[in-house]
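Bear in mind that the values in this text are calculations on the coordinates, not laboratory data. Because the structure is predicted, anything quoted here is derived from the model rather than measured. Here Cβ is always computed from backbone atoms with ideal geometry, including for glycine, and neighbour counts include all displayed protein chains.
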Amino acid sequence: MEQLTIPFFCPEIEKAGTRRRPRTVPVSDASITSRRERLEKRNRLMTARYYYWTEIKRRRFDDVLKILSDNEFFVEERTISNTLIEQDEFYHELINSRASSRRLKAMFPGFDWN
């Protein structure tokens, strides 16, 4: 019995080139390099938000602590109180200059100041 041979054509598989996705660099504040600097920036923002809620929106102290702790920064109210004590000079600077929502937005563009 004669064996039947069927030619099998297999194309040569070429190795795909190294495909890499281009990496995009996230837009951030390049001046922040350490954890301490991040905390200082967060504390200044927290103080500005406290100023916004108490002086511009005229909310009560306990209501503002609740807003900041539960909706904006997700930290304990005690942490917010400690931050306000630490950032007292910055807070009084905002009060004395009567900072407007527009100025706060220029200083910290990531939040809604309206």
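Using the Cβ-Cβ distance between Ile85 and Ala106 with R0 set to 30 Å, the FRET efficiency from 1/(1 + (r/R0)^6) comes to roughly 0.70. Rounded to the nearest 20, the size of the Cβ-charge dipole of segment 44-106 about its Cα centre is 460 debye, with Lys and Arg at +1 and Asp and Glu at -1. Between beta-carbons, use under 13 Å as the cut-off and find the net charge around Arg103, counting Lys and Arg +1, Asp and Glu -1. Result for the local shell: +1.
Once both labels are positioned 7 Å from their Cα atoms along Cα-to-Cβ, the gap between Arg35 and Arg78 label points is 1.9 nm.
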